[in-house]
Amino acid sequence: MENEDTKKMQEMKTDLNLLLECLKYQMDNSASQKEALVTIHSICQQNSDAGVYFREIGGLIFVKNLAKSSEHSMVKEAALFTLGSLAEENVYSQQTLCTSDLFEDLVLFVSNDDSSTNLKRMSVYVILVLVSNNRCGQTLVRETGCITVLAELFRTVLSKHDLNLLDNKVFQNYQLWSSVCSALCACVNNPQNDENQIFCCSLFPHANDWLISCLKPEIIRPLCSFIGLTLANNTYVQKYFVSVGGLEVLSQVLVHLESDSYKTVSNAKLAVVVTKTMDACIADNPTFRVILSKYHIVSRLLALLTHESLDLEEKFSIILALGHCTEDCEENQYDLFKNNGLPLMIQALTDSQNEELHKAATFVLHNCRKTSEKVSLSVRDYSFDENKAKQLKDTNAKEKNLEEYWTRAKEILHRIEQLEREENEEKIQRENYENMPFMKKDNTLKHCSTDDTKAEEDKDKNQPGELQGSVSGDVTSKACADDNGVKTLLQSTNPFSGQKMTLRKVSSSRNQSLHEKTTFDKKNFVSKSSDHVFKYPVHVVRKKRQQSPVTDPFTLCSDIINKEVVSFQAADNCTKILKYRCSGCISVGKPLNSRNFSKLLHACPNQCDRHKVIVDAEDRYKSELRKSFICNKKILLTPRRRRQLTSKSTIPGERKKRRIRKNFTEEEVNYLFHGVKKMGNHWNSILWSFPFQKGRTAVDLAHKYHNLIKHAECAARDG
C-alpha cells in the first residue's frame, strides 16, 4: 500500500513538473497554456499535496506573473482561476499571493474597460479568496483602492431597468455583480473590519433602491447578505442605515413577501432572509424597534412562523427576531399578545427539543412577562399612551369575548411562572421540609410509657372504629357540603383577578373552619385517664399547602380531610400514630436517598404494609447478591481494587509501544520558526497551520523550539 502511494505521489510530481515546463516553453501557444492551467487546477483539486508541491517548485509565482504578462485574455482568465483555486485550498498559497502588487494588478484588470466580463469576474474571484478569513487581505484591499473599484462595479455593472436574466449578456453581468457582492461581504466580515464597514455603508442608498424596485430572489439574497454583514456589531453603520430609510425598506419588503408566502414557498424562505437582515439592525439598538411597530412586523413574523415549509433553523431565526423586537418595546409586546404570540412561544418550547430554539422562545417570554402582568390585571393599568388606551377600550366594547382573551393571557403568565419555578422547586421543598419539627415529635414519643401504650391498644380493640368513623364522617360531610360553595366562588371570580389568589383564600378559610370543628370534637372526647396529648404540627402543614397551589376543589377537600384526620389521630395517642404512620411515611426532616432511607425503614419497629414489602424485597436482593459474590469472587461491590482485575496487569513484562522517532526536517524547522513569529507560543495552532509530518504533536513542537533556542544561545556565547 505504501509503495502504491509513493508511486502515485511520484507520478503527480512528474506531471506537475512537465505541466510547468509546458507553460514556460509554450508562450506563443495560448491554447496549450490554457489546457495546461486547467490540468494543473484539476490535479491540485484531487490531491491537496499537489498544491503544496506546485508552490514549492515555483509554479504559483510563475502563474501569477503569467496572469500579469500574458497578452491573451483566455490565458489571463485561466491563470487567475488557477491562482484563486490554489489560494482557496491552501492558506500558505493565500499568504504567498497576498501582496500589494497582485492587488494593484487586479485593480487594473477590473477597472480597464477593455477587459472582458469574464476576466473581471475572475479578478473579483481572486480578490474574494485573498480577503476571506484574512485581515491582511482586508487591509490591502482598502489601501490599494481595490474596494473602491468594487463599490463602483456594485453601482454600475447591473441595470435595474433591463434585468432579463435569460439574456446571455445580462446574465454574465449579473454573475459579475453577484461576485462583487460576495467580495464586499468578505471585506467587512470574518474577521469584522470596522473601517471597511464604514466605507461600504455609502452603498446603502443604492441597495435600498434595488430592494424597492426589484423583489426577485436573485437580487434580494445577495443584497441582504451584504447589508446584514455590513451592519453586524457596528452601531455607527446601523444608525446610518436607519437614517437613510433602510429599516423601513426592509419592513416593506418583509410585509410584501409574507403576504405572498402562502402562494409560493420561495417567498417564505426569502422572507426569513429579510428577517435575519432586519434583526442584525435592531439587535443592538432598542430605539429602532419602534419603527417596526408602524408596519406591524411582529404580527407578520408570527404568521410567518406558522408556515409549514420552514425548517428548524429558519424558525429559530424568526423567534430570535421576535425576541429583539419585543425587548424593551411595549408596542411590539402588545402586538405579540394581540396576535396570540405567547401560545406559539409555549408551543415552540414543548414541541421542539432544540436547545437554541428553547433559549430564543424563553427570551421572548421573559421580555413579555411584565407587560403580560399589566394586561392580565386590567386594561386601565396598561401603560400605553392615551390614543392606544382609547383604541383598546373601543376594541373592548366591540368584542364580546375580550374577557376570555385576558383570562387566557393570565393563564399563559401562570405557565411562564411555572417554567421559571421548575429549576428551584426541589430547593424550596427541601427548605420547607427542614423547617418541620418532626424530630420533636419523635422525642416526645420516646417518653411514652409501655403500660399506657398497652392500655390504649386494648381500648382500641374494644371500640373498633366508632370514634374514627364519626369524626371522619363529620369532617367529610362538612368538606363535601362546601364543594358547591367552592365551585360557586370559582365561577364568580373576576377574570382579571385570576384564580390562583381565590383558591388560596378558599383553602385558608376551609382549613380554619375544619380545624375549629375538629378541636371542638377533641375536647369532648379526650379521656380523663390520658396523661399525654400529642399535637400534630397542623400550622406547618398548612403553610406547605399554601406554597403549592391547588386548582381542583375536590383535591383541595381531600387534602384537608386527610390532614385533619391525621391531626386528630396524632392528638389521640402515640399508638395510633405508630399504627397508621411508620417512619418511612412521616420522615421528611432531611433529604432522603437509597442509603439512609433503607436504614430508616429497618430501624422502624412498626412498618406499614407498603414499606414492609419494600424492606423484604431489598433483603432478598441483598441475600442473592451475597450468594453470587461468594460463587464468583471477581464481582466487586466497590471499585477499590479494580486495577487488579484488568487483563493488562496480569501480563508480566508488558510495555507500551513507543512512537517511531522522526527527526525534524529543515522545512519543518522553518515552519516552526515562521509559526512562532506569526502566532507566538500557540503550539496547537502552529501544528494545524503547517504541514508537519504525520504523528507530530504540540509537545514535540514546543520541545524542538526550546532546544533550538537553547543551542542558538550556547553558540552565541561560545562565539
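Just so it is clear, none of the values below were taken in a lab; they were calculated from the coordinates. It should be emphasised that the depicted structure is a prediction, and the values quoted were computed from it without experimental measurement. All Cβ positions, glycine included, derive from the backbone under ideal geometry; neighbour counts span all protein chains shown.
What the Cβ-Cβ distance of residue 56 and residue 198 gives, at R0 = 45 Å and to the nearest 0.05, is a FRET efficiency of 0.65. For residue 256 and residue 369, the FRET efficiency from 1/(1 + (r/R0)^6), where r spans their Cβ atoms and R0 equals 22 Å, is about 0.10.
Measuring spread by the Cα atoms of the range 297-366 yields a radius of gyration and Dmax of 10.8, 31 Å. Mean projected area of the Cα convex hull of the range 279-325, taken over all directions, amounts to 3.2 nm². Spacing of the modelled spin labels on residue 108 and residue 610, each 7 Å from Cα toward Cβ, amounts to 9.1 nm. Taking the range 39-60 and a reference point 7 angstrom along Cα→Cβ of residue 21, the backbone N atoms nearer than 16 Å belong to 57-59. When you restrict to C-alpha pairs under 8 Å that are six or more residues apart and normalise by the size of the range 21-144, the relative contact order lands at 22 percent. Taking 31 Å as the limit for the C-alpha separation, the pairs 263/370; 24/120; 76/269; 239/370 exceed it in the case of 263/370; 76/269. In the range 51-140 the Cα-Cα distances spread across 5 Å bins starting at 0 as 3, 15, 28, 27, 18, 7, 1, 0 percent of all pairs.
Where does each of 692, 664 land when they are ranked from fewest to most other beta-carbon atoms within 10 angstrom? Could you put the intermediate results ahead of the total?
Working: 692 21, 664 18.
Ascending number of Cβ neighbours within 10 Å: 664, 692.
The label point for residue 624 and the one for residue 693, both projected 7 Å from the Cα toward the Cβ, are 6.0 nm apart. Taking the inverse of the mean reciprocal distance over all distinct Cα pairs, the Kirkwood hydrodynamic radius of the range 93-224 comes to 15.1 Å. Projection of the Cα convex hull of the range 109-148, averaged over all directions and equal to a quarter of that hull's surface, yields 2.7 nm². Remark: for residue pairs 662/704; 13/678; 662/710, the C-alpha separation exceeds 22 Å in 13/678. The three principal axes of the C-alpha atoms in the range 198-350 carry coordinate ranges of 45, 34, 24 Å, sorted with the longest axis first.
Measuring how big the range 169-230 is from its alpha-carbon positions, Rg and Dmax come out at 11.8, 35 Å. Over the range 11-74, the fraction of Cα-Cα pairs per 5 Å bin, rounded to whole percents and listed from the shortest bin up, is 3, 19, 33, 26, 14, 6, 0.
Each of residue 354 and residue 702 was given a label point 7 Å from its Cα along the Cα-to-Cβ line. The distance between the two points is 4.0 nm. Computed from the C-beta positions of residue 714 and residue 233 and an R0 of 35 Å, the FRET efficiency is 0.10 to the nearest 0.05.
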